[in-house]
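**Student:** Take a look at the following structure, please.
The values are calculated or read from the model by the stated rules, or taken from the named source; none is laboratory data. Everything numeric in this text was worked out from a predicted model, so none of it was measured. In this analysis, Cβ positions are derived from the backbone assuming ideal geometry, glycine residues included, and neighbour counts consider all displayed protein chains. Heavy atoms of the whole protein, side chains included, go into the accessibility calculation; ligands, DNA and RNA do not. Shrake-Rupley method; radii C 1.70, N 1.55, O 1.52, S 1.80 Å.
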Amino acid sequence: MSVLNTLAFVVFPYLALTTFVVGHLYRYLTNPYDWNSKSSELLDKEGLKIGITIFHWGIIFALLGHGAGLLIPQRYWDALGINSQAHTLFATYSGFVVGAAALLGLALLIYRRISKDRILATTTLNDFVTLGLLFFVVATGFANVVSGLFDHFDILNTIAPWLRGILTLTPDASLMLKVPLRFKIHILAVLTLLGFSPFSRLVHIWSVPLTYLFRRLIVFRRREVSL
Amino acid sequence: MKIFHNPDLPAIDEYYEPWTYNYEKLISTPQKKHQPSTRPKSLITGQPIRLKWGPNWEDDLAGVSTTGSGDVNFKNLDYQIYLQFKKVFMFYLPRLCEHCLNPACVASCPSGALYKRDEDGIVLVDQERCRGWRYCVSGCPYKKVYFNWQTGRSEKCLFCYPRVEAGLTSLCAETCVGKIRYVGVILYDADKIATAASMKEEHKLYPAQTELFLDPNDPEVVAEAISQGVPQSYVEAAQASPVYKLAAEWGLAFPLHPEFRTLPMVWYVPPLSPLVQFLEESEEAVHNPEAMRIPLTYLANLLTAGDEEPIRLALRRLMALRSYMRSKRLEGEADSGVLEKAGMTEEMAEGMYRLLAIAKYGDRFVIPTVKKEKEFDLYQEQGAAGFGPHGA
Ligand code: HEM
Ligand code: SF4
């Protein structure tokens, strides 16, 4: 059990994260032409509107929530006067809202991919895998929030420090031993998604146009002098 | 946050659904009593479709009943009148990317993928940086950026830049059978662009843009250009520029819809059209652009944001040129009086005649080659350039 546990929560995370980092670098550097969100709005605008909007808002706030909740140790929150009970309460309710938005959005997007002729004809296997994996991740995450309402599990002292351990290169798989299966499934799904994302349209996440806020409106380019 | 919400993006049905025909049926059908026929099928889904609209669908007035009433160029005109058969008029207007001085497509790109080339003003989409936002599509008032739904990127006219660099003109101009396209260099004052584009009154935009263009024969302008590093060959091309003559010297060419404020750089010479019958008898009418079949107001709405005066002058000049040449050739006696009335000199008329009627290749296109020898190590470049995703 412990071997399996180490494989799943030390080896696999590093494999997935390495693929994530190297994969993005490789794709960006070797084939920048391919780096794209593959918009399908031109082919079907109406079906996209609601789904894509609530999905994006949901998933972005879900990501921010994960960052704030799992990466920042509880003692900092305590210092701000937010004890672990309040933290969990807030996480549960906000997680419920954003999770529901993302899940519903995804369901609409998947339905659109299948039901609209034009979209179905231009959808690749990769698109389906992306949406399917995302759906699985969000569904398990949402299920965890809901089941947490009835059957509380202390994430802040188990999964959160394990995750920080992974990221600070001091992994401790034993923290994951007592974690219920439903969380383990969510975590493994997320890691799979991370490993897969460099090869999907999800790379568009890294192209948030932040520079637009600072650059001048008209971009000029001069021929580069190559020597 | 506005940049995450753009309700103006067009959907494909606002263009048309691309299609082909199942041609293979023509040869795969077994022998039958009737000819096999081909049916249109969608290039997106592969399913048979019914054609309702397509490229150039409204050409030659065919779709005017659908699109005509929305034509903004009928502003201040009674559109209904021009539906009467004897009043109907039409002319062609090729719409190109204007390679604007103040390009809205560039300004609207969140990824910074569109850019204007410093050396020749060509506006391009960097295909490796385009992320498929499509804001250039809704941003360009001339509707000249298109989203490629297969590659997920926007594409536009590139003014045949590899040809232009080599001193050749774009292919559309090169192959124009009417020989009506002119391409040349214009020196302009980039510091004044913002002022010119923000003129309050719309009809001032056209004159303001003309003022940006610097006279390439003015020694001061030449000296300044050279000191800013403009190569001698560019200055010489600017001096021989057919477009400078048409747009600035003779006032014959006008920007398309200057009220869009992007300072477009493809300019149009308004067309002469037949004089309407009932006026033709009088001597006056021969020089009266008001009596033309295409209403002056329409042309003014198209080219000068509604200001009829410059258009009237341009048409009068074109008419005067005709009379003058006719008098010279047929009557054997040049009538310079008609020229004076249109504010022209004989020298100007000869220049116009040469450029517009003789229209020699070398006069229509004056394009300097790019001065690469100053910027590259040519020896090293030799054999190091090529095609392919990572070459060149
Ligand atoms: C950070 C800012 C983000 C921006 C600006 C952004 C922008 C976009 C855009 C422009 C599209 C194309 C929509 C269309 O078809 O026209 C898209 C699609 C998509 N995005 Fe994002 N996105 C962001 C974050 C994310 C995140 C964090 C995820 C998931 C983890 C995500 C997942 C997706 C998916 C799955 C699609 C495809 C939906 C479909 O067509 O079925 N995005 N995004
Ligand atoms: S015409 Fe449109 S695409 Fe061309 S430069 Fe102007 S704004 Fe850009």
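**Student:** Considering each of B:GLU220, B:GLU259, B:GLU236, B:GLU224 in turn, give the residue that is over 28 Å from B:LYS179 (Cβ atoms), among the acidic types (Asp, Glu) and touching a residue at least 24 places away in the same chain (Cβ under 8 Å). Explain how you work it out, then say what you get.
**Tutor:** Working: B:GLU220 fails: touching a residue at least 24 places away in the same chain (Cβ under 8 Å); B:GLU236 fails: over 28 Å from B:LYS179 (Cβ atoms); B:GLU224 fails: touching a residue at least 24 places away in the same chain (Cβ under 8 Å).
Result: B:GLU259 is the single residue among B:GLU220, B:GLU259, B:GLU236, B:GLU224 that is over 28 Å from B:LYS179 (Cβ atoms), among the acidic types (Asp, Glu) and touching a residue at least 24 places away in the same chain (Cβ under 8 Å).
**Student:** From (1) within 13 Å of chain B (Cβ to nearest Cβ); (2) open to solvent by 80 Å² or more (accessible area, probe 1.4 Å); (3) without any contact (Cβ under 8 Å) to a residue 40 or more places away in the chain, pick out the condition that doesn't hold for A:LEU42.
**Tutor:** Answer for A:LEU42: the failing condition is (2).
**Student:** Report whether or not A:THR6 is under 21 Å from A:ILE205 (Cβ atoms) and not basic (Lys, Arg).
**Tutor:** On the way: under 21 Å from A:ILE205 (Cβ atoms): no; not basic (Lys, Arg): yes.
No, not satisfied.
**Student:** Return the residue satisfying two criteria in turn: it lies in the stretch B:240-252 and is part of a loop (DSSP other than H, G, I, E, B) and crowded, with 21+ Cβ neighbours inside 10 Å, and of such residues it is farthest from ligand 2 (Cβ to nearest atom).
**Tutor:** Looking only at the stretch B:240-252, we keep the residues that are part of a loop (DSSP other than H, G, I, E, B), and these are B:240-241, B:250-252.
Checking the rest, the ones that are also crowded, with 21+ Cβ neighbours inside 10 Å come to B:241, B:250, B:252.
Values: B:SER241: 20, B:TRP250: 24, B:LEU252: 21 Å.
The qualifying residue farthest from ligand 2 (Cβ to nearest atom) is B:TRP250.
**Student:** If you don't mind, another one. List pairs: first residue in the stretch B:185-202 and under 25 Å from B:PRO368 (Cα atoms), second residue open to solvent by less than 70 Å² (accessible area, probe 1.4 Å) and aromatic (Phe, Trp, Tyr) anywhere in the structure, Cβ distance under 7 angstrom, at least six positions apart or on different chains.
**Tutor:** That search, which allows pairs on different chains as well, returns B:VAL185/B:TYR234; B:ILE186/B:PHE213; B:ILE186/B:TYR244; B:TYR188/B:PHE213.
Residues are listed down the side, and each one gets a yes or a no for (1) loosely packed, with under 12 Cβ neighbours inside 10 Å; (2) modelled with pLDDT of 90 or more; (3) within 30 Å of B:ASP71 (Cα to Cα):
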| position | (1), (2), (3) |
| --- | --- |
| B:TYR298 | no, yes, yes |
| B:ALA334 | no, no, no |
| B:GLU347 | yes, yes, no |
| B:ALA357 | yes, yes, no |
| B:GLN382 | yes, no, no |
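**Student:** May I pose another question? Is there any pair linking a residue in the stretch B:109-132 that is more than 8 Å from every other protein chain (Cβ to nearest Cβ) and without any contact (Cβ under 8 Å) to a residue 60 or more places away in the chain to one that is small (Gly, Ala, Ser) and part of a loop (DSSP other than H, G, I, E, B), with Cβ under 7 Å and at least six apart or on different chains, and which?
**Tutor:** B:VAL125/B:ALA113; B:ASP126/B:ALA113
**Student:** Can I ask one more? Which of (1) open to solvent by less than 60 Å² (accessible area, probe 1.4 Å); (2) under 19 Å from A:PHE183 (Cβ atoms); (3) of a type in the set (Val, Ile, Thr) does A:VAL11 not meet, given it meets every other one?
**Tutor:** Here A:VAL11 clears every test but (1).
**Student:** When the residues of the stretch B:159-175 are narrowed to those that are surrounded by fewer than 16 Cβ atoms within 10 Å (Cβ to Cβ) and assigned to a loop (DSSP other than H, G, I, E, B), which ends up farthest from ligand 1 (Cβ to nearest atom)?
**Tutor:** The selected residue is B:GLY167.
**Student:** Looking only at the stretch B:100-121, how many residues end up being assigned to a loop (DSSP other than H, G, I, E, B) and either under 18 Å from B:GLU259 (Cβ atoms) or within 16 Å of ligand 1 (Cβ to nearest atom) (or both)?
**Tutor:** Initial filter on the stretch B:100-121 (assigned to a loop (DSSP other than H, G, I, E, B)): B:100-103, B:109-113, B:118-121.
From the residues that got through so far, the ones that are either under 18 Å from B:GLU259 (Cβ atoms) or within 16 Å of ligand 1 (Cβ to nearest atom) (or both) too are B:100-103, B:109-113.
Here the count works out to 9.
**Student:** Still on this model: Quick one: which residue in B:ALA237, B:ALA194 is over 21 Å from B:ARG312 (Cβ atoms) and open to solvent by less than 20 Å² (accessible area, probe 1.4 Å)? Outline the logic, then answer.
**Tutor:** Working: B:ALA194 fails: open to solvent by less than 20 Å² (accessible area, probe 1.4 Å).
Of the residues listed, the single one that is over 21 Å from B:ARG312 (Cβ atoms) and open to solvent by less than 20 Å² (accessible area, probe 1.4 Å) is B:ALA237.
Listed here are the residues, each with its yes/no results for (1) under 26 Å from B:GLU14 (Cβ atoms); (2) crowded, with 16+ Cβ neighbours inside 10 Å; (3) within 14 Å of ligand 2 (Cβ to nearest atom).
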| position | (1), (2), (3) |
| --- | --- |
| B:ASN102 | yes, yes, yes |
| B:ARG117 | no, yes, yes |
| B:GLY121 | no, yes, yes |
| B:CYS130 | yes, yes, yes |
| B:CYS140 | yes, yes, yes |
| B:LYS144 | yes, yes, yes |
| B:VAL185 | no, yes, no |
| B:ASP189 | no, no, no |
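**Student:** Just give me the residues in the stretch B:31-81 being open to solvent by 40 Å² or more (accessible area, probe 1.4 Å), outside any loop (DSSP other than H, G, I, E, B) and not polar (S, T, N, Q), in sequence order.
**Tutor:** B:LYS41, B:PRO48, B:ASP59, B:ASP60, B:LEU61, B:VAL64, B:GLY70, B:VAL72, B:ILE81
**Student:** A:LEU70 fails exactly one of the following numbered conditions: (1) open to solvent by 60 Å² or more (accessible area, probe 1.4 Å); (2) in contact (Cβ under 8 Å) with a residue 40 or more places away in the chain; (3) farther than 30 Å from B:ASN148 by Cβ. What is the number of that condition?
**Tutor:** (1)
**Student:** Can you go through A:THR53, A:THR19, A:THR92 and tell me which one is touching a residue at least 12 places away in the same chain (Cβ under 8 Å), open to solvent by 60 Å² or more (accessible area, probe 1.4 Å) and assigned to a helix (DSSP H, G or I)? Spell out the reasoning first.
**Tutor:** Details: A:THR19 fails: open to solvent by 60 Å² or more (accessible area, probe 1.4 Å); A:THR92 fails: open to solvent by 60 Å² or more (accessible area, probe 1.4 Å).
After ruling out the rest, the residue left standing is A:THR53.
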